[in-house]
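These notes are about the structure you will find just below.
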Amino acid sequence: MDRIIFLGSGGARIVVFKQIRASGGIWLTLNNQNLLIDPGPGSLVRIVSSRHKLDPTKIKAVLLSHKHLDHSGDINNIIEAITVGGTEKRGILFAPYDALEGDDPVVYRYLRSYLEKIVILKEKENYSLDGISFSCPIRHEHRTETYGFLFKTDKIKIGYIADTKFFDGLINAYKESEILIVNVVREKPSELDHLSLEDVKILIKEIRPKICFLTHFGMTIIRKKPFLIGEELNKEFSNMNVKIIPASDGMKYEL
Ligand SMILES: [Zn+2]
Ligand SMILES: [Zn+2]
């Protein structure tokens, strides 16, 4: 069954590194294949201790949007887990060039041969995995090379907007999303390159997804309580056919 599991819903430095909310990324099952997106700190522990009975050796591919530690902290542990310490060659890693070959690459070189394949992500390129295709529709505006993903199966289109500053190009890039997952770090816009709630409202209005999940919350969002933010947004968008769901740690949504 297709499903989205939010291993953690925390984002950015303070929330993740104090573990005010868990981190660990998103487990996405589409067409009976398991994808792990952005395995931040704690991902492996969150997976093996999940009440949803997740098995890391069943992960087909890991997708890294960018190399910041709140997205990549557990990538090496996850490679060991998928391949049972390198004894079983499997798993495909998709990651930006900067995360693999830039200054301070985040994937240990000695682990790379454990994987079935490593693919360097490129803007606008299409990738396919048995019945799922996905693309990186646009390069994000973030401090390091960053992409989001647009997944397509014959049943559904899901957009994942990873860390980025708001810019108009995001709207067209993710326009097809029926389900939209947005990393929203801040309550109010700031000079830092992250999305705020104001930016999310523009994205919802313009992209018009059926469901919009909010996740990767920073301190200013946590203080306002994500469930209250969700209630307010659903009221504000009650004239549109959209449901806004703030993620919580371990939350599962069946598609
Ligand atoms: Zn982040
Ligand atoms: Zn980042």
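The set of residues from the stretch 123-160 being more than 22 Å from Gln33 (Cα to Cα) and not in a strand (DSSP E or B) comprises Glu123, Lys124, Ile138, His140, Glu141, His142, Arg143, Thr144, Glu145, Thr146.
For the stretch 98-119, the candidate set comprises residues that are crowded, with 18+ Cβ neighbours inside 10 Å and over 21 Å from Arg143 (Cα atoms); within that set, the residue that is nearest to the chain's Cα centre (by Cα) is Leu115. The set of residues in the stretch 102-138 that are among the polar types (S, T, N, Q) and in contact with a strand residue (DSSP E or B) (Cβ under 6 Å, 6 or more places away or on another chain) comprises Asn126, Ser133, Ser135. Residues in the stretch 60-80 that are free of Cβ contacts under 8 Å to residues at least 60 places away in the same chain and under 9 Å from Ala95 (Cβ atoms) were compared, and the one that is farthest from ligand 1 (Cβ to nearest atom) is Val62.
Starting from residues that are under 15 Å from the mean Cα position of the chain (by Cα) and in a loop (DSSP other than H, G, I, E, B), keep the ones in the stretch 161-171 and report whichever is farthest from Thr29 (Cα to Cα). Looking at the filtered set, the residue picked out is Thr164. Residue-level analysis places Gly169 outside the set of residues that are away from ligand 2 (no atom under 16 Å from the Cβ), within 25 Å of Gly11 (Cα to Cα) and touching a Ser or Thr at 6+ places or on another chain (Cβ under 7 Å).
Glu125 fulfils the conditions (1) surrounded by fewer than 19 Cβ atoms within 10 Å (Cβ to Cβ); (2) without any contact (Cβ under 8 Å) to a residue 24 or more places away in the chain; (3) within 16 Å of ligand 2 (Cβ to nearest atom) except for a single criterion, (3).
Applying the criterion of being within 13 Å of ligand 2 (Cβ to nearest atom) and in a loop (DSSP other than H, G, I, E, B) to the residues of the stretch 181-196, the residue that is farthest from Thr146 (Cα to Cα) is Leu192. Cβ-Cβ contacts under 6 Å between residues 6 or more apart (or on different chains), taken from a first residue in the stretch 8-21 that is under 17 Å from Lys224 (Cα atoms) and more than 12 Å from ligand 1 (Cβ to nearest atom) to a second residue that is part of a helix (DSSP H, G or I) and among the aliphatic types (A, V, I, L, M), are listed as Arg21/Val15.
Where a number appears in this text, it was derived from the coordinates with a stated rule and is not lab data. A quick note: this is a predicted structure, and the numbers were derived from the prediction, not measured. Heads up, the Cβs are rebuilt from the backbone with ideal geometry, glycines too, and the neighbour counts pull from every protein chain shown.
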